[in-house]
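For reference, the structure is listed below as structure tokens.
The values are calculated or read from the model by the stated rules, or taken from the named source; none is laboratory data. Predicted, not measured: the structure shown is a model, and the values here were computed from it. Using ideal geometry, Cβ is built from the backbone for each residue, glycine included, and neighbour counts are taken over all protein chains shown. The protein model used for the area step is the full one, side chains on, heavy atoms only, and it has no ligands, DNA or RNA in it. Shrake-Rupley method; radii C 1.70, N 1.55, O 1.52, S 1.80 Å.
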Amino acid sequence: MGSFLEKIRYSPGIVKTMDTRENPGLTVLRQVIPSTMRTEAVGGSLSIIAGEHEHILAPVWVGEGYPSDVQRALPGIRSGTADGVTPVVTGRRISIGSRQLLDDEDVSWADSAGFASIHTASGFLLSRLEPAKRRAERRPRWSASVAAAAEVILETHRREGAGANARLASIAEIADAARLSYSSTAKALTDFDEAGYTEKVGASRGPTAGRALRDPGALLSDWAARQSMNAGDRVQLHVPWREPQRSLELLNDVIGDSEWAVSGAVAAEQIAPFLTQTVDLRAYIAQGELHEIRRMLTAVPDVREVRSGGRIMLKTAEPHLFALAERSGGVPVAPAVRVYADLVHRGGRLEEAAEHLREVAIGF
């Protein structure tokens, strides 16, 4: 069999679940396959017996199923497919935009709502579609100010435990939390309205006017897809130890009085424990302090700067991130939505940890 089947069967980011439950992608496939067909789970894939023919479907779970979720999964699908195995993108809801993207790529899909479009080279066809409901939406340009406003809205929504269509804080309150001007925040919210993330509610003006967060899941997925610790000002450091706790102690000793917050796997363990082992530490530091903090850390014995593969990565962040950070076990931890975004970009086991974090600590 080829490399893709091995990835499907053995990649922890695709096959294993957050606990002992069945792979959610397999569950979706079982729901959409007609009950008259005999099916059997084999090594993370689903075998369908129809007459004398066998069709093997390999579910690729993408979480919510928004375009940004699908785009993260497509490179692995394009890298190669084993003979006789059909990858099927599965998620909670494969949106219309995602369906168009997958149709363009000729990739099968299915979702928890019971809709599916599956076709295999072995001749199996399944189409379960509802009438298309198309609404013109314009996605925002993800400038730094738009991204900051989105992060404040998402993290506030998470902490309040509010559901869809929850009323947002005022423009002035969001602007203050995001460290933005009123006009920049108003422009960002207008973009979110046009994208379908938010909508105006109440009167057009006056004390009853406001906005509701209509689709927090879509906003989180699309915002997270554009966050990356591998972009912007950053430094990587090599240390001879593998225990992230020692790295935390190092940062506390050297830069404890500065603004900083851990993210990535170490932060996820503080918010929603899942991984059994982590070896690297990723943290944000205040803008303008990278040069001095680099100097102080590299002056410590056994700490040296490297171009890649460092067990400590430091990246500058905007002021609002530190205002949103919370302390856990004496450690400043980045907002949960930022931790989620940082994890999904690293793939593999960390992408699975991101899905766990989203389910148990974010909730949308």
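Observations
- Among the residues making up region 74-94, those that are within 18 Å of the chain's Cα centre (by Cα), open to solvent by 20 Å² or more (accessible area, probe 1.4 Å) and under 22 Å from Ser127 (Cα atoms) are Arg92, Arg93.
- Residues being open to solvent by less than 70 Å² (accessible area, probe 1.4 Å), part of a helix (DSSP H, G or I) and out of contact with any Cys (no Cβ under 9 Å at 6 or more places or on another chain) are represented in region 157-166 by at least one member.
- Given (1) modelled with pLDDT of 90 or more; (2) open to solvent by 30 Å² or more (accessible area, probe 1.4 Å), number of the condition Leu213 does not satisfy: (2)
- Restricted to region 173-273, the set of helices (runs of 4 or more DSSP H) holding at least 2 residues that are polar (S, T, N, Q) and under 21 Å from Phe322 (Cβ atoms) comprises 182-195, 244-255.
The rows are residues; the columns are (1) open to solvent by 50 Å² or more (accessible area, probe 1.4 Å); (2) over 27 Å from Ala283 (Cβ atoms).
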{"position": "Ala175", "(1), (2)": "no, no"}
{"position": "Lys187", "(1), (2)": "yes, yes"}
{"position": "Arg226", "(1), (2)": "yes, no"}
{"position": "Gly232", "(1), (2)": "yes, no"}
{"position": "Leu248", "(1), (2)": "no, no"}
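- Residues (within 23 Å of Glu318 (Cα to Cα) and free of Cβ contacts under 8 Å to residues at least 40 places away in the same chain) located in region 270-282: Asp280, Leu281
- The residue that is nearest to Thr298 (Cα to Cα), among those in region 234-246 that are open to solvent by 10 Å² or more (accessible area, probe 1.4 Å) and in contact with a Ser or Thr (Cβ under 8 Å, 6 or more places away or on another chain), is Gln236.
- Residue ID - surrounded by the most Cβ atoms within 10 Å (Cβ to Cβ), chosen from residues in region 296-331 that are free of Cβ contacts under 8 Å to residues at least 40 places away in the same chain and over 17 Å from Ile285 (Cα atoms): Ala299
- Residues of region 9-57 that are open to solvent by 50 Å² or more (accessible area, probe 1.4 Å), at pLDDT below 80 and either in a strand (DSSP E or B) or aliphatic (A, V, I, L, M) (or both): none at all.
- Scope region 333-364; condition out of contact with any helix residue (DSSP H, G or I) (no Cβ under 7 Å at 6 or more places or on another chain) and open to solvent by less than 10 Å² (accessible area, probe 1.4 Å); matching residues: Glu352
- Hey, Glu199 acidic (Asp, Glu), within 17 Å of His157 (Cα to Cα), in contact with a helix residue (DSSP H, G or I) (Cβ under 8 Å, 6 or more places away or on another chain) and modelled with pLDDT under 95 or not: yes
- Summed over region 43-66, the residues that are touching a Lys or Arg at 6+ places or on another chain (Cβ under 9 Å) and at negative phi give a count of 10.
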